[in-house]
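Engineer: One structure, as structure tokens, below. Some questions next.
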Amino acid sequence: MADPKKIYFSNGLLIIFTVCLLICQNATTSSGETVNNEKLTTGSTIQKIFKGLMGIAPTKKHVIGCILPFSGKHAIYGQKLLHGIELALDEFNSSTDAIPLTLIVKDSKADPLISKKAVEDLVYQEGAIAIIGPLLGSPAKAASKKAEKLRVPIITLTQREDIAGTGKYVFRNFLTPSLQVKTLTTYAIETRGLNRFVILYPQNIYGEKFMDLFWNEVDIHNREVLQILSYEEDQTDFGDVIKEMVKLPPFDEKREVMVEEVTEGEEKKEPKPIIDFDAIFIPDSYKKIGLIASQLAFYDVKGVCLLGTNLWNSPQLPKMAGNFLQESIFVDSFFQGSSFPFVKKFIADFKLTFGEEPGTLEAHSYDITSLIIYLLNDKQVNSRKNLKDELLKVKYFPGVTGITSFSPSGEVEKTLYFLTVRGGRIMECQ
């Protein structure tokens, strides 16, 4: 009986010989397949197959890849993220005698197939040791699957929930709805002692997602959600929904009008709102919060805590509804008013370099680039596997978007800012 090892060895040599022969025969041909409107020669395609079979993907320690949208309606976000990456690289390259790091940028065009091919190009053609991006859900998912297959660490910048856990080489460094809600709810209940909640959310994907997460998180803490109310996305008058919330008449013309009967000669009493809850969670933009908060005050809904997401974190919020948000709590991973010196330095350097102040997107891309630089140099990482292993070991990295760690699944864990409005400014909660 033939030795199986010899059979496998012979078959391996046959495959290698056949592929090499095909490469030689087709290396000069100009015809080939079309992938995402880019023509590839048969030779180059076979080279990729050959490299895949042999596990050949040369790594260049000083090359970092980046896949972001630079065309179409999402281009503005891609540019913001790129600025954060560029600042981190410029700071390192200008302050060391070590070999400078090179950034190879690919346009995802917000397309999953193009993003997938970009991963291949960054691995096979550029030798990137790591990839930052993509931003959007579908491109990030496609790129992550390809990165896992090629065993290159990819750190996505997307909120898509099912990214973490895609593979051992897949990471995420971005503020997710789950992280916001878990952090906010824990703080509201365990630190502020809030127990009874109302959820008031817009009828859109964002609102429904946060409503569901918040409801579930309150239930985990064994607290109560007394009411769940919604409003249309473009709604500006919230009188009816507020009246329903606090049981003021009439809150629905189709229902029985809740008006107290008044006997002859008796003075009619103004009904008072029934406030049997401690807080209202409103997952919407700062513009909408400005309208809702002022109307809550108009109907004497006072003494309750308003809870929100990072969409509240705008300098315009205090101008719109500062007087009505003194007891509010909202969270974010980046706060321009932070007292930390390294956050102040980041903001100053960014403004000096690009002529504008950074936001959450720029801060996240700056952080993950800084972390990669730290691992490549201080930890002397020299392979993709080493980098993946070191990323999984990251605990309490002091980033401008909060103290950062990674879970075993590659999910980011951050300490967020707890923010409120005081004296016409957004400030950290005391």
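The values are calculated or read from the model by the stated rules, or taken from the named source; none is laboratory data. What you see is a predicted model; the values in this text were computed from it and never measured. Cβ atoms come from the backbone with ideal geometry, glycine included; neighbour counts cover every protein chain shown.
Engineer: Looking at the stretch 215-234, I want the residues that are farther than 11 Å from Phe197 by Cα and have a partner that is part of a strand (DSSP E or B) and aromatic (Phe, Trp, Tyr) with Cβ atoms under 6 Å, at least 6 apart or on another chain. Which pairs are those?
Structural biologist: What qualifies is Ser230/Tyr201.
Engineer: Still on this structure, I have one more. Specify the residue that is nearest to Cys429 (Cα to Cα); the eligible residues are those in the stretch 324-355 that are free of Cβ contacts under 8 Å to residues at least 40 places away in the same chain and touching a helix residue (DSSP H, G or I) at 6+ places or on another chain (Cβ under 8 Å).
Structural biologist: Ranking the qualifying residues of the stretch 324-355, first place goes to Gln336.
Engineer: Taking the options Ser365, Ser314, Ser333, name whichever one is modelled with pLDDT under 95 and on the phi < 0 side of the Ramachandran plot.
Structural biologist: Result: Ser314 is the single residue among Ser365, Ser314, Ser333 that is modelled with pLDDT under 95 and on the phi < 0 side of the Ramachandran plot.
Engineer: Additional query: So which of Val170, Val198, Val152 is farther than 21 Å from Val394 by Cα and of a type outside the set (Asp, Glu)?
Structural biologist: Result of the check over Val170, Val198, Val152: Val198.
Conditions (1) touching a Pro at 6+ places or on another chain (Cβ under 7 Å); (2) within 22 Å of Asp389 (Cβ to Cβ); (3) hydroxyl-bearing (Ser, Thr, Tyr), marked per residue:
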{"site": "Lys145", "(1), (2), (3)": "no, yes, no"}
{"site": "Glu148", "(1), (2), (3)": "no, yes, no"}
{"site": "Gln159", "(1), (2), (3)": "yes, no, no"}
{"site": "Leu175", "(1), (2), (3)": "no, no, no"}
{"site": "Thr183", "(1), (2), (3)": "no, no, yes"}
{"site": "Ile189", "(1), (2), (3)": "no, no, no"}
{"site": "Asn204", "(1), (2), (3)": "no, no, no"}
{"site": "Leu213", "(1), (2), (3)": "yes, no, no"}
{"site": "Glu224", "(1), (2), (3)": "no, no, no"}
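Engineer: Also: Considering the stretch 371-383 alone, what residues qualify as being touching a Lys or Arg at 6+ places or on another chain (Cβ under 8 Å) and crowded, with 22+ Cβ neighbours inside 10 Å?
Structural biologist: Of everything in the stretch 371-383, those that are touching a Lys or Arg at 6+ places or on another chain (Cβ under 8 Å) and crowded, with 22+ Cβ neighbours inside 10 Å turn out to be Leu376, Val381.
Engineer: Follow-up question, since we're still on this one. Check whether at least one residue in the stretch 318-335 is surrounded by fewer than 19 Cβ atoms within 10 Å (Cβ to Cβ) and within 23 Å of the chain's Cα centre (by Cα), and report yes or no.
Structural biologist: no
Engineer: Can you list the strands (runs of 3 or more DSSP E) lying wholly within the stretch 28-122 that have 1 or more residues being at pLDDT 50 or above?
Structural biologist: Counting at least 1 such residues, we get 60-68, 102-107.
This table checks each residue for (1) assigned to a loop (DSSP other than H, G, I, E, B); (2) in the same structural domain as Gly84 (by TED's automatic domain parsing); (3) in contact with a Ser or Thr (Cβ under 6 Å, 6 or more places away or on another chain).
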| position | (1), (2), (3) |
| --- | --- |
| Asp389 | no, yes, no |
| Lys395 | yes, yes, yes |
| Pro398 | no, yes, no |
| Thr404 | no, yes, no |
| Pro408 | yes, yes, no |
| Thr420 | no, no, yes |
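Engineer: I've got another one for you. I'm trying to understand the selection: among the residues of the stretch 154-185, which are in a loop (DSSP other than H, G, I, E, B), within 18 Å of Tyr366 (Cα to Cα) and either more than 11 Å from the chain's Cα centre (by Cα) or among the acidic types (Asp, Glu) (or both)?
Structural biologist: If the condition is that a residue be in a loop (DSSP other than H, G, I, E, B), within 18 Å of Tyr366 (Cα to Cα) and either more than 11 Å from the chain's Cα centre (by Cα) or among the acidic types (Asp, Glu) (or both), then no residue fits.
Engineer: Has the stretch 143-153 got any residue that is of a type in the set (A, V, I, L, M, F, W, C), over 21 Å from Glu362 (Cα atoms) and assigned to a loop (DSSP other than H, G, I, E, B)?
Structural biologist: Scanning the stretch 143-153 turns up at least one residue that is of a type in the set (A, V, I, L, M, F, W, C), over 21 Å from Glu362 (Cα atoms) and assigned to a loop (DSSP other than H, G, I, E, B).
Engineer: Still on this structure, please answer the following. Which residue pairs have Cβ atoms closer than 7 Å, lie 6 or more positions apart in sequence or on different chains, and pair a first residue in the stretch 73-90 that is of a type in the set (D, E, K, R) with a second residue that is in a helix (DSSP H, G or I)?
Structural biologist: Close Cβ pairs (under 7 Å, with a partner that is in a helix (DSSP H, G or I)) amount to Lys80/Leu361; Lys80/Glu362.
Engineer: Same structure, new question: Where in the stretch 273-361 are there helices (runs of 4 or more DSSP H), lying wholly inside it, with at least 2 residues that are more than 30 Å from Ile76 (Cα to Cα)?
Structural biologist: 286-298
Residue by residue, here is whether (1) polar (S, T, N, Q); (2) assigned by TED's automatic domain parsing to the domain that holds Leu213; (3) under 28 Å from Gly355 (Cα atoms) holds:
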{"site": "Lys73", "(1), (2), (3)": "no, no, yes"}
{"site": "Leu87", "(1), (2), (3)": "no, no, yes"}
{"site": "Ile114", "(1), (2), (3)": "no, no, no"}
{"site": "Gly127", "(1), (2), (3)": "no, no, no"}
{"site": "Ser144", "(1), (2), (3)": "yes, no, no"}
{"site": "Ile154", "(1), (2), (3)": "no, no, no"}
